Structures are given as structure tokens and as C-alpha cells.
Amino acid sequence: MSRYLRDKPGEALAFSAYAELYDGETAERYRVLLGEDGDNLTLELPEYEAELWPFETLRSVPDMAGEDLIVITSTVEPLARLMIRDEDTLRMILNKSRHLDKPPPVRGKGRIALWALAAVASVFLIIFVLVPRMADQLALYLPPEGEKALGDTTLEQIRSAFEGNGFDYLRLCTTPAGTRALARMEERLLQNTDLDVDLTVSVLDHPMVNAFALPGGHVVFFRGLLEAAETPEEVAAVFAHEIGHVAARDPTRIALRSAGSIGVLGLLFGDFAGGAIVLFLAERLIQADYTQEAEAAADVFAHDMLASSDIPPGALGDMFERLRAEYGDTEGFVAHFLSHPALGDRIAAARAAEAALTRPTRPVLSTFEWRALQSICE
């Protein structure tokens, strides 16, 4: 402890009483003689020099006190604790100490602020730099069966997530004629493309105008998109775009990034249950917020796939343009597909890809098959 000598060591104290002292450095308890020396509270220990605690530096520690006890510390000795039970001593200290109930000053504010800033920066670094990079690398080595299991689980979570929101557990639409039409469209698109993963194509009975890809080769359409499309070529264009995400393993990267970020936040702010993680991943993948490069790459992939299948790439631009006019830029299909690259650029790119065709296009489906696909949920 710091030592403070009185100006007049031999002078008698105007007041004295005994109290217990913990110095904050050891577990030992000291019996000290308290006294009043002008503006200071004196503490005397046998074989030690007297110590002065200015009254203006005294602070109470209420969370450690009782009805017959007051615990005092001093800003000059912030770790020390003085246990006072004598009523006269309590009264004297209350009269002399004007700042007894004032919180002690925080020391090292600059250092605390610096550490807090460093901690926040570390969290941002982990979530926005390290987790994405690790997820991108892990996506390359994730076993196909693990990726497929993640996609299967996420799809089931999506189907169950609508319960309690005015919808039952979303059913998969599988009318025989509609399923055959969808399979024929898939076969047409993949006839000149080799994918590393088998596709699993599903249609969910929901009016949302949307389609998305999941890990493990899942491509999912909502009924609302099939009903909103005016031609099978528009559906094929969206289909090709989502296959582009599957080929690049974009859904797997997003799922791993999201899971990693949730894990970091869970460690910091509390536990995230496994079901909550899957539900969050499901929501993230329905409204997948791919990077501008990933969206542009999926568009180019779709243009090439459509052209090689004798399907006009301009169908993708047709659907973008018409749905933007109908739904605006911030809802449903448009919010999912058009959030990053400039919409005009994407439409122009689709038009340019179609203009570059050197051979005639062919219908994707017959009129009967197209009607069957649009009615796959009936």
C-alpha cells in the first residue's frame, strides 16, 4: 500500500476507533486504528507508518455492506477495503465525506477504449474476412454426401418454417405430367453440360415468386414463379441461372459462412440452438445475397447453357424486365435475383448473348407440357 505520513506524527488524534482492513493485495485481515486528522482519515497499524486517506477520496462499496457494516475504499487505494462497524466512526465519515456515494473514477479509460475497439475489430475481421475465406476453402473439400445432407436438412427446414404463418407444412408438388415436363426441361438444359453433382429439382406449393439453390445440387422453385412466368423459356432461364450457382457451389459457401458467423456470435452473445441455425440458413438461402461476381458468373453460365441448348438467352432478360415492372425492385423474385449487378446491365447482357446465337432456337416444352408444369401443384 502507499504510505502517507502525518505532518505532525506526535500530535494526538481528535478521534479514534478500530476497524478491519483488507489491503487488496493479500487475503490477510488487519486490525487498524482509525483517526481524524484534518481532511484525512488516518489508518494506523502496529509497526507500520500511519496512512492517510483524504475524506474526499472515500467511496462506499454498498454491494458488500450490511445493516451494521459499511465498507469503504479510497481512490488512492482502490483495491483496499475498510470494514467499519462503529456507529460514531460511521457518523464521522458520513459527515466528512461528500463523495461517499459517488462512483469511483474509472482508471485507464483510454486503454479500455482501445481494447474495446480492438475486440470489435477482431469480431469484424473474423466474421467478414476469416470466416468467408475458411468457408470458401472448406466448400472445396466438403464431401458430397455431407453437402447433400446439408441441402436435404435445409429444404425440410424451409418446408416446416411456413407452419404457423398461415400455411401448412409446404408440400412438394409432384403431379405426374408436371414432373415429367420439369424433368424434360432439366434434361434439355444439361444435355451439353457436365455437373459434378446430381441435381434434385423440387417445386414447393407456395405463391412466392422465387427460385433458389441449396447445397448438394438442390434447385427449388416456388409455385408462384411457375405461375408468373409467361413462357417455359423464362422458367428455363431461371433454372439455368440456379444451376450456375450449383456448379459454382455458391449455396454451400453461403451456408458455411452463415454457420461460421452464427457460431462466432453465439460464443460472444449466447447459445444458438441447432434448429435456430438451420432455420437461419434456410432464410439466408431463400433470399441468397450472393456477391456481384457470383451473380454475374451465374448469368454468364445461364447464357451459355441456354445457347448450347438452343434456348434463347434473352428469356432471362425478359423475365427480369417484366417482373421488375410488375413487382418492383425490392420484393420477391426481384429482391432475390437483382440485388447486386445493375439490372440494366443484366438485361443487356442477356440480349447480347441472344444476339450472338448462330443457330435457331427450339421450344423447351410443348404447349401441353407447359400447361402441365404450371399446374404441377394442382
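Summary of computed values
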quantity	calculated
Residue in segment 154-167 that is among the basic types (Lys, Arg), at pLDDT below 90 and part of a helix (DSSP H, G or I) present	yes
Some residue of segment 84-96 being open to solvent by less than 100 Å² (accessible area, probe 1.4 Å) and at pLDDT 85 or above	yes
Any pair with Cβ under 6 angstrom, 6 or more apart, that starts in segment 168-187 at a residue that is of a type in the set (Gly, Ala, Ser) and ends at one that is part of a loop (DSSP other than H, G, I, E, B)	178/376; 181/365
Qualifying residue in segment 13-25 (condition: open to solvent by 20 Å² or more (accessible area, probe 1.4 Å), modelled with pLDDT of 75 or more and out of contact with any strand residue (DSSP E or B) (no Cβ under 8 Å at 6 or more places or on another chain))	no
Residues located in segment 50-81, provided they are assigned to a loop (DSSP other than H, G, I, E, B) and modelled with pLDDT under 80	65, 67, 68
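The values are calculated or read from the model by the stated rules, or taken from the named source; none is laboratory data. Here the structure is a predicted model, which is why all the values come from computation and not from measurement. Here Cβ is always computed from backbone atoms with ideal geometry, including for glycine, and neighbour counts include all displayed protein chains. Please note that ligands, DNA and RNA were not included when accessible areas were found on the heavy atoms of the full protein model with its side chains. Shrake-Rupley method; radii C 1.70, N 1.55, O 1.52, S 1.80 Å.
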